[in-house]
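First the structure, in the form of structure tokens, and then the observations on it.
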There are 2 protein chains.
Amino acid sequence: MPDASAPGEQLALPAEEAAHVARVLRLITGDSLRVFNGRGGEWTATITVSTRSAVTVELSAAATPAREPRVRYTVALALLKGDGTDEAIRDAVMMGAALVRPFAAAHGEVSLSAALRGHRLERWRRVAVASAKQCGRAVVPEVDAPVEFGAIAAAAAAELRLLLVEPSASWATVTMAELPAPAAVTLAIGPEGGWAPGEVALAGREGWRLTSLGGRTLRATSAPLAALAACQAVWRDD
Amino acid sequence: MPDASAPGEQLALPAEEAAHVARVLRLITGDSLRVFNGRGGEWTATITVSTRSAVTVELSAAATPAREPRVRYTVALALLKGDGTDEAIRDAVMMGAALVRPFAAAHGEVSLSAALRGHRLERWRRVAVASAKQCGRAVVPEVDAPVEFGAIAAAAAAELRLLLVEPSASWATVTMAELPAPAAVTLAIGPEGGWAPGEVALAGREGWRLTSLGGRTLRATSAPLAALAACQAVWRDD
């Protein structure tokens, strides 16, 4: 409901949501539901018209959504095999990410061309919406179309850029607890097969810092959740 | 291989491992594999005898397993439905837990009697072994038989005891970053349905501290991973 903005408004639900409300949830005129606009606004609403093809609601009280983090977190996420990327996006949204940027990594098992096929971006965006609903966020993070790692490495939007490396790696890393809380951070998470040395070198030349989490090898799907939890704990962003 | 202790030893693999090595992995005399004793020792080994029913190996060089955390982490884990408990144990092991204590919670969906049926404890222990192997730990954490929450609340072994509560809860919480690194900590994680008020009150009387992670509602299966990552980041336990 991107156009929801204030109590008292009457709004027609988009066709897909209307079908879900009428045919799956089987809600009828007078029933209540929650409406959110994806930009931080959330309301309770009452159904005023419900047919097989259209549902209209009236917004009532504004609801209190989950608090958003103070730091703006961008998660640059190597494409993972199977449902790995979906799982990682779900967790990143739950942990307060503002933006997810999937990318193809040299040692990854999913190529950029494979990721660009088959409506994956639409699916990732649905995963982000569902996860935001489930964890009580009224802000739905954006999910960008996948790119090559070079485009991630060169991006300079965030004040702090951290590349998460394996604890056994031989490069110099910073401890998260040493870094003061930034206004914005990009966390780059590698694929199952780890970073290629060339990717780490490239990130280094572009000014990224390297960091690692704990002394053990994390599953690639768990790394975004662990990294965001670690950042929020040291930066007291809770 | 609980009896592995030094290079040069000849050891017969236990029957189940021997069958796996010979029939699934199809390794033969002269092939190499890794052997660990579950107490921090890990070796490369060479197969010296391999038949359908028995495999003997000779330990060669000691391998370097993943570093163990400085803090001793006990994860008290509410029983979760479906594969949730397996998933949470897998992640707790990956994040360096020393002990996992499953318990039945008032608002949980799995009762203690259901958890005591059907070889669940054996399965959880296999999950712990598999996860330790995957993340490179040579120490396999123990998994205790499930108990009621009262037995967890009354346990006083750890120096610090933290009950993880929902961010929306109205009780007084401490921020993890305020707590100095302990020698040992028990983290108690509630079920999908959250803690019963009586459980929180009981823990409070027993001297537990309450804490929460981020401003959003975490999936119950993700909470152990997030809590351990947060502790290790603030305590620089990496």
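Just a few scattered comments:
- Scanning region A:184-201 for residues that are under 13 Å from A:Glu148 (Cα atoms), touching a helix residue (DSSP H, G or I) at 6+ places or on another chain (Cβ under 7 Å) and not in a helix (DSSP H, G or I) returns a single hit, A:Ala188.
- Test for A:Asp144: is it within 14 Å of another protein chain (Cβ to nearest Cβ) and either more than 30 Å from A:Arg236 (Cα to Cα) or at pLDDT 95 or above (or both): no
- When B:Asp3 is tested against (1) surrounded by 11 or more Cβ atoms within 10 Å (Cβ to Cβ); (2) outside any strand (DSSP E or B), only condition (1) is not met.
- Test result for B:Gly215, more than 21 Å from B:Pro69 (Cβ to Cβ) and in contact with a Ser or Thr (Cβ under 9 Å, 6 or more places away or on another chain): yes
- Qualifying residue in region A:184-192 (condition: exposed (fewer than 14 other Cβ atoms within 10 Å of the Cβ) and of a type outside the set (Asp, Glu)): no
- For A:Ile28, the requirement of being more than 13 Å from A:Lys133 (Cα to Cα) and within 14 Å of chain B (Cβ to nearest Cβ) is not met.
- When A:Ser131, A:Ser50, A:Ser60, A:Ser113 are checked against the criterion of being among the polar types (S, T, N, Q) and touching a Phe, Trp or Tyr at 6+ places or on another chain (Cβ under 8 Å), A:Ser60 stands alone in meeting it.
- Qualifying residue in region A:61-80 (condition: more than 14 Å from chain B (Cβ to nearest Cβ) and modelled with pLDDT under 80): yes
- Test for A:Leu121: is it in the same structural domain as A:Glu199 (by TED's automatic domain parsing), closer than 16 Å to A:Thr186 by Cα and of a type outside the set (Val, Ile, Thr): no
- Only one of the numbered conditions (1) without any contact (Cβ under 8 Å) to a residue 24 or more places away in the chain; (2) of a type in the set (D, E, K, R); (3) crowded, with 21+ Cβ neighbours inside 10 Å is not met by A:Arg205, and that is (3).
Okay, residues lined up against (1) surrounded by fewer than 24 Cβ atoms within 10 Å (Cβ to Cβ); (2) on the phi < 0 side of the Ramachandran plot:
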| position | (1), (2) |
| --- | --- |
| A:Arg70 | yes, yes |
| A:Ala78 | no, yes |
| A:Glu87 | yes, yes |
| A:Ala92 | no, yes |
| A:Gly96 | no, no |
| A:Ser113 | yes, yes |
| A:Arg123 | yes, yes |
| A:Val127 | yes, yes |
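- Among the residues making up region B:208-236, those that are under 14 Å from A:Leu213 (Cβ atoms) and buried (at least 19 other Cβ atoms within 10 Å of the Cβ) are B:Leu225, B:Ala226, B:Ala227, B:Leu228, B:Ala229, B:Ala230, B:Cys231, B:Gln232, B:Ala233, B:Val234, B:Trp235.
- Selected residue (only one of A:Val49, A:Val24 is touching a strand residue (DSSP E or B) at 6+ places or on another chain (Cβ under 7 Å) and either over 30 Å from A:Val234 (Cα atoms) or assigned by TED's automatic domain parsing to the domain that holds A:Ala184 (or both)): A:Val49
- Scanning region B:195-238 for residues that are facing another protein chain (nearest Cβ under 9 Å), of a type outside the set (S, T, N, Q) and within 25 Å of A:Lys133 (Cβ to Cβ) yields B:Leu213, B:Gly214, B:Gly215, B:Arg216, B:Leu218, B:Arg219, B:Leu225, B:Ala226, B:Ala227, B:Ala229, B:Ala230.
The values are calculated or read from the model by the stated rules, or taken from the named source; none is laboratory data. Keep in mind it's a predicted model, so treat the numbers as computed, not measured. Here the Cβ is made from the backbone with ideal geometry for all residues, glycine too, and neighbour counts use every protein chain on show.
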